[in-house]
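S.K.: The structure is given below, and queries will be raised subsequently.
The values are calculated or read from the model by the stated rules, or taken from the named source; none is laboratory data. Fair warning: this is a prediction, and the values are worked out from it, not measured in the lab. Here the Cβ is made from the backbone with ideal geometry for all residues, glycine too, and neighbour counts use every protein chain on show. Keep in mind that these areas ignore ligands, DNA and RNA; they rest on the heavy atoms of the full protein, side chains included. Shrake-Rupley method; radii C 1.70, N 1.55, O 1.52, S 1.80 Å.
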Amino acid sequence: MLGPLASIWDPLGYLLELRRRFGGLARFQVGRQWTFLATDPDLIHELLVTRAGSLGKARGLRMARRMLGDGLLTSEGEYHRQQRRLMLPGFAPQQVAFFGESVVALAQQVSYRWRPGSTVDCLREFSQLTLTIAGRTLFDSDFESQAALVAGMLNQGRWLFRWGSFLFPLLEWLERLPPVRHLLLQRRRRIDDLVYPVIEEHRRTPRANFLSNLIQAGMSDEAIRDEAVTLLLAAHETTANALAWTCHLLALHPDWQRRLGEELEQVLDGRPATVEATSRLPLLKNVLLESMRLFPPNWMIARVAREDFRLGDQLVPEGSTCLVSQYVLHREARWFPDPERFDPDRWQHRPRTSLPRTAYLPFGIGARRCIGEHFALLESELILATLLQRWWLVSVAGQRVRPDPAISLRPRPGPRLRLLLRQGRGS
């Protein structure tokens, strides 16, 4: 049965049921708020590309702005376009590749710390690893402790976004409550106290990291603060979730894990993973593509209509909310037969380029496509290649891992995996 409570307690199931019952464009109401869910690729393209200028960021990000400021995630219009232009050179492939050795070295530290026969919470492990990498690439090694403190304060606010896409009026009411406003502003000040001294130190002594790139681009301290905090959250949260889901799926499907181990052994021959070697690991790429299809870290895009317009056969009134759910979209049987099955070979038989442009959107599309897509994919490939050369992952019996849709799609609880040493040359 569809209704407001269903959208709150099981948002993923609710969205899937809307798609099943109403097809490519569904309309529903929460309180006085009309909301539209688009799952047809043509309608999604119209929303996110053709009509991008007619849509604003969702109201649920207003509370995020209290802590994140006007970074790429929350900013809009000309300011967003200007900031994105300034930041793009720092995410060029040659710049991203510069950090490859650091990623591998930090992943090796994790690999050597693990012990045969032990059990790990892989979400916790990857959250710590990607946070360390984010701190190193954003702030440099001297400031990793500040990065951890900032990320901890940001993650404490996950509950604010748990149901934000459905309960905008409640969020707006909460935001007006003095205790909530005080909490958000207090946390903002604590983040500022950590980040601004780091920016000042980088202005005095430039370093080889993203923060120095932002300074060289000519941004103000406030703009650098907002972009750095946003990048820190995005860089470690979504990548850690993608890695945890991928390892969980490989542990549940040992045949795919075996095939991937054979590819790593053949290509790397026991040597450390490199940026160049990732181009010769097609199955590794396909495993990541398939993991992000089933459990996309960025599981939903929400926009608000700034004017009346028609979408398909529906009138979308000004102020309505428009949703695109990657979790739902990636389960469309027209493009992904047997959609609930983990099958990395589907990307070999039907490459991503043969799909409609908006059938697969783990990093979004258009002007708001994730600026760190290349970095996130390369980082994930290097980490997996490093760890899976040495370790065989076994899922602990009896655990029930479910997707938790909040800021990103986190596995809950964190998948527990038992570690066994591989017998190949990489061990």
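S.K.: Across the stretch 319-361, which residue is surrounded by the fewest Cβ atoms within 10 Å (Cβ to Cβ) among those that are touching a residue at least 24 places away in the same chain (Cβ under 8 Å) and polar (S, T, N, Q)?
M.R.: Within the stretch 319-361, the match that is surrounded by the fewest Cβ atoms within 10 Å (Cβ to Cβ) is Gln348.
S.K.: On to the next question. Can you tell me which residue in the stretch 68-88 is most open to solvent (accessible area, probe 1.4 Å), limited to those that are part of a helix (DSSP H, G or I) and modelled with pLDDT under 90?
M.R.: Ranking the candidates gives Gly77 first.
S.K.: Answer yes or no as to whether Val103 is of a type outside the set (Asp, Glu), over 19 Å from the mean Cα position of the chain (by Cα) and buried (at least 20 other Cβ atoms within 10 Å of the Cβ).
M.R.: In short, no.
S.K.: Restrict the check to the stretch 326-347 and report whether at least one residue is of a type in the set (Ser, Thr, Tyr), over 30 Å from Pro415 (Cα atoms) and under 22 Å from the mean Cα position of the chain (by Cα).
M.R.: Looking through the stretch 326-347, none of the residues is of a type in the set (Ser, Thr, Tyr), over 30 Å from Pro415 (Cα atoms) and under 22 Å from the mean Cα position of the chain (by Cα).
S.K.: How do the pairs read when you match residues in the stretch 183-205 that are in contact (Cβ under 8 Å) with a residue 24 or more places away in the chain with residues anywhere that are among the aliphatic types (A, V, I, L, M) and open to solvent by 90 Å² or more (accessible area, probe 1.4 Å), using Cβ under 6 Å and keeping only pairs 6 or more apart or on different chains?
M.R.: Once the first residue is in contact (Cβ under 8 Å) with a residue 24 or more places away in the chain and sits in the stretch 183-205, its partners that are among the aliphatic types (A, V, I, L, M) and open to solvent by 90 Å² or more (accessible area, probe 1.4 Å) give Leu194/Leu149.
S.K.: Here's another thing I want to ask about it. Just the residues that are within 22 Å of Glu265 (Cβ to Cβ) and either open to solvent by 40 Å² or more (accessible area, probe 1.4 Å) or in contact with a strand residue (DSSP E or B) (Cβ under 8 Å, 6 or more places away or on another chain) (or both), please, taken from the stretch 396-427.
M.R.: Across the stretch 396-427, the qualifying residues are Leu417, Arg418, Leu419, Leu420, Leu421, Arg422, Gln423, Arg425, Ser427.
S.K.: Ok, one more. How many residues are of a type outside the set (Ser, Thr, Tyr) and under 30 Å from Thr230 (Cβ atoms) when one looks only at the stretch 401-424?
M.R.: 14
S.K.: Out of curiosity, is Arg350 farther than 16 Å from Thr239 by Cα, at pLDDT below 95 and touching a Phe, Trp or Tyr at 6+ places or on another chain (Cβ under 7 Å)?
M.R.: When the stated conditions are applied, Arg350 does not pass them.
S.K.: Against the definition (open to solvent by 10 Å² or more (accessible area, probe 1.4 Å) and either more than 24 Å from Leu72 (Cα to Cα) or under 16 Å from the mean Cα position of the chain (by Cα) (or both)), how does Ala367 come out, yes or no?
M.R.: Criteria not met by Ala367.
S.K.: Would a scan of the stretch 195-212 turn up a residue that is on the phi > 0 side of the Ramachandran plot, at pLDDT 85 or above and not in a helix (DSSP H, G or I)?
M.R.: Checked the stretch 195-212: no residue is on the phi > 0 side of the Ramachandran plot, at pLDDT 85 or above and not in a helix (DSSP H, G or I).
S.K.: For the subset of the stretch 357-378 comprising residues that are in a loop (DSSP other than H, G, I, E, B) and in contact with a Cys (Cβ under 9 Å, 6 or more places away or on another chain), which member is farthest from Gly71 (Cα to Cα)?
M.R.: Taking the candidates together, the pick is Pro362.
S.K.: Filter the stretch 213-232 down to the residues that are surrounded by 17 or more Cβ atoms within 10 Å (Cβ to Cβ), assigned to a helix (DSSP H, G or I) and touching a Gly at 6+ places or on another chain (Cβ under 9 Å) and list them by number.
M.R.: Across the stretch 213-232, the qualifying residues are Asn213, Leu214, Ala223, Arg225, Asp226, Glu227, Ala228, Val229, Thr230, Leu231, Leu232.
S.K.: From the residues in the stretch 260-294 that are open to solvent by less than 30 Å² (accessible area, probe 1.4 Å) and of a type outside the set (A, V, I, L, M), which one is nearest to Gly100 (Cα to Cα)?
M.R.: Thr278
S.K.: Right, something else. List every residue pair whose Cβ atoms lie under 8 Å apart, where the two residues are 6 or more positions apart in sequence or sit on different chains, the first residue falls within the stretch 104-127 and is farther than 14 Å from Arg416 by Cα, and the second residue, located anywhere, is of a type in the set (Phe, Trp, Tyr).
M.R.: Pairs that qualify, where the first residue is farther than 14 Å from Arg416 by Cα and the partner is of a type in the set (Phe, Trp, Tyr), are Ser111/Trp391.
S.K.: Related question: Which ones in the stretch 78-93 are closer than 19 Å to Leu231 by Cα and free of Cβ contacts under 8 Å to residues at least 60 places away in the same chain?
M.R.: Tyr79, Gln82, Arg85, Ala92, listed by residue number.
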